[in-house]
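Data first, discussion second: the structure below is written as structure tokens.
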Amino acid sequence: MDRLLDRFFHYVSFDTQSRPNARQIPSTEGQTVLAKNLQKELIELGLTDVVLDESGCLMATLPSNVGWSVPTIGFLAHMDTSPEVSGKGVRPQIVENYRGGDIALGIGDEVLSPVMFPILHQLYGHTLITTDGKTLLGADDKAGIAEIITAIARLKGSNVPHGDIRIAFTPDEEVGKGMKNFDVEQFGAKWAYTVDGGGVGELECENFNAAQATVKIVGNAVHIGKAKGVMVSALSLAARFQQALPALETPEHTEGHQGFFHLNAMRGSVDYAEMSYLIRDFERDGFERRKRMLIEVAQQVGEGLHRDCHIEVNIKDVYYNMRDEVARHPHVIDIARQAVLDNQIEPVINPIRGGTDGAILSYMGVPCPNIFTGGYNAHSKHEFVTVDGMEKAVSVITRIAELTADKAKTHAF
């Protein structure tokens, strides 16, 4: 398998969790260590223009092997893993020829069960790579890195026609900073694909509009025995704030194109409390409505507070739905869809209930939908990937490169 699994197992051995509040990019040293290892590997593969910049973004080129003009295309994956679950000391375990039922992770304290994860019912006979129940796996998105490099290695060692192919591995995607210093001109691709998806066949060209909100509540702490009319509990105000939001508009109650508010962190005391929210919506008007709602709730909950007590809401947009940007370039999706079909896979066109670097890149002028990796249950101790899915992702990548060259030869663009 051209070292596909060897690569993957090597990459997940690096602890590359990103850190949300860090000022520097990459936010963690482990990402830089992995980037330098990947840089060495790409040079050894014989790629050109291998550059690791100060922001931890690694780019390289597989030069064209044809005599006609072909648009330069790109493939991207991110090096960091989610800060939500530890990525240190990852110990993958291989489950060959899965026959159904529960899978004990490690010593069995954690179980991968089809009752909780029904997708397992569709994977009988497949070889799965799981965690040991103590960390995430890192298939998001080291599977993507392994698949891209393996596809590039196969193209380089074959006669499959292709134009110039640019690859980029980015830091800090999980904390929304992967593209902050991305050099679009240096990348030089006319269009690109992130390899950062889920199940086999998934092809995604729309995603959430996303914002982060911080709610800061200043209260007034006094002795509880003499609190009447004087104490203002920031914790009580925080509870009222959360209760004022729609109870069923949260991640655990939504699916498909439904948006949500997600309280993902909170801390505090009587004197001061702080809450962190993720705001997600596929439609721009719904997105703006959700942001206004947070402001309105703050005004309602904070009404009548003493002048020294207050509720402050800070909202920052992170990325927008790529749908309209990608739709302007239908051939980008058409090529990917055809590549999936040519590998005897039924395309699954789904919205991304999240975001990718490709969403931001699309707004930087490079349309960039997302294709599958074969991974499931990202950001979790129950994360796993299928070997078959990884192999199919490699085949789709190589076919996209071939189709692009073929269409360029017949002046299809």
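What follows draws every value from the coordinates through simple rules; no lab data is involved. Just so you know, these numbers come straight off a predicted model, no measurement behind them. Note that we place each Cβ from the backbone using ideal geometry, even for glycine, and neighbour counts take in every protein chain shown.
How long is the gain from D406 to R307 if the chain were fully straight, where each residue apart is worth 0.36 nm and the alpha carbon distance is subtracted?
On the way: separation 99, 0.36 × 99 = 35.64 nm, distance 6.89 nm.
Value of the extension gain: 28.8 nm.
Give a quick list of trypsin sites (Lys or Arg not before Pro) in region 153-232 that DSSP marks as loop, anything other than H, G, I, E or B, with at most 14 other Cβ atoms within 10 Å.
Taking region 153-232 and a limit of 14 other Cβ atoms within 10 Å, the loop trypsin sites (Lys or Arg not before Pro) found are K180, K228.
Highest mean first, how do 58-69, 110-121, 8-19 rank when packing is the count of other Cβ atoms within 10 Å averaged over residues? Spell out each step's value before the answer.
Values: 58-69: 17.1, 110-121: 14.6, 8-19: 21.3.
Put in order of decreasing packing, that is 8-19, 58-69, 110-121.
To the nearest 20 debye, what is the magnitude of the charge dipole of the chain about its Cα centre, counting +1 on the Cβ of each Lys and Arg and -1 on the Cβ of each Asp and Glu?
Its charge dipole is roughly 640 debye.
Return the inverse of the average 1/r over all pairs of distinct C-alpha atoms in region 351-413, which is the Kirkwood hydrodynamic radius, in Å to one decimal.
Details: mean 1/r = 0.0711 Å⁻¹.
That comes to 14.1 Å for region 351-413.
Working from the pairwise distances between different alpha carbons, so that the mean of 1/r is found and then inverted, what is region 120-270's Kirkwood radius in Å?
On the way: mean 1/r = 0.0474 Å⁻¹.
In region 120-270 this quantity evaluates to 21.1 Å.
Of G304, I371, Q242, whose Cα points farthest to the positive end of the dipole of the chain (charges on the beta-carbon: +1 Lys, Arg; -1 Asp, Glu; origin at the Cα centre)?
Positive-end residue among those listed: G304.
What percentages make up the Cα-Cα pair-distance distribution of the chain when the bins are 10 Å wide from 0?
5, 21, 29, 24, 13, 6, 2, 1, 0
For region 263-369, state which trypsin sites (Lys or Arg not before Pro) are in a DSSP loop and have at most 14 other beta carbons lying within 10 Å of their beta carbon.
Details: sites: R267, R280, R284, R289, R290, K291, R292, R307, K316, R323, R328, R337, R353; in loops: R307, R328, R353.
Passing sites in region 263-369 are R307, R328.
Rounded to the nearest 20 Debye, what is the dipole magnitude of region 172-323 about its Cα centre when Lys and Arg each give +1 and Asp and Glu each give -1 at the C-beta? Don't skip to the end; give the middle numbers.
Details: 17 positive and 23 negative charges, 168 e Å.
Computed about the Cα centre, the dipole is about 800 debye.
Determine how many Å³ per residue the convex hull of the Cα atoms of region 1-105 encloses.
It is 171 Å³ per residue.
Find the percent of Cα-Cα distances in region 42-187 that exceed 24 Å, and round it to a whole number. Kindly include the intermediate steps, with their values, before the conclusion.
Working: 5064 of 10585 pairs.
Value for region 42-187 (Cα pairs over 24 Å): 48 percent.
Beyond a 25 Å Cα-Cα separation, which of these cross-linked pairs lie in this structure: K180/K316; K88/K392; K156/K409; K228/K316? Provide the component values of the computation, followed by the final result.
Working: K180/K316 14 Å; K88/K392 28 Å; K156/K409 20 Å; K228/K316 37 Å.
Flagged as over cut-off: K88/K392; K228/K316.
Beyond 14 Å, what share of the Cα-Cα pairs of region 136-213 is found? Please give it as a whole percent.
On the way: 2198 of 3003 pairs.
Roughly 73 percent, once rounded to a whole number.
Run the simple label-point estimate for D53 and Q258 please: 7 Å along Cα→C-beta, distance reported in nm.
Label at D53, label at Q258, 4.0 nm between them.
Place +1 on the Cβ of every Lys and Arg and -1 on the Cβ of every Asp and Glu in the chain, take the dipole about the Cα centre, and give the residue among V115, H262, I103 whose Cα lies farthest towards its positive end.
It is H262.
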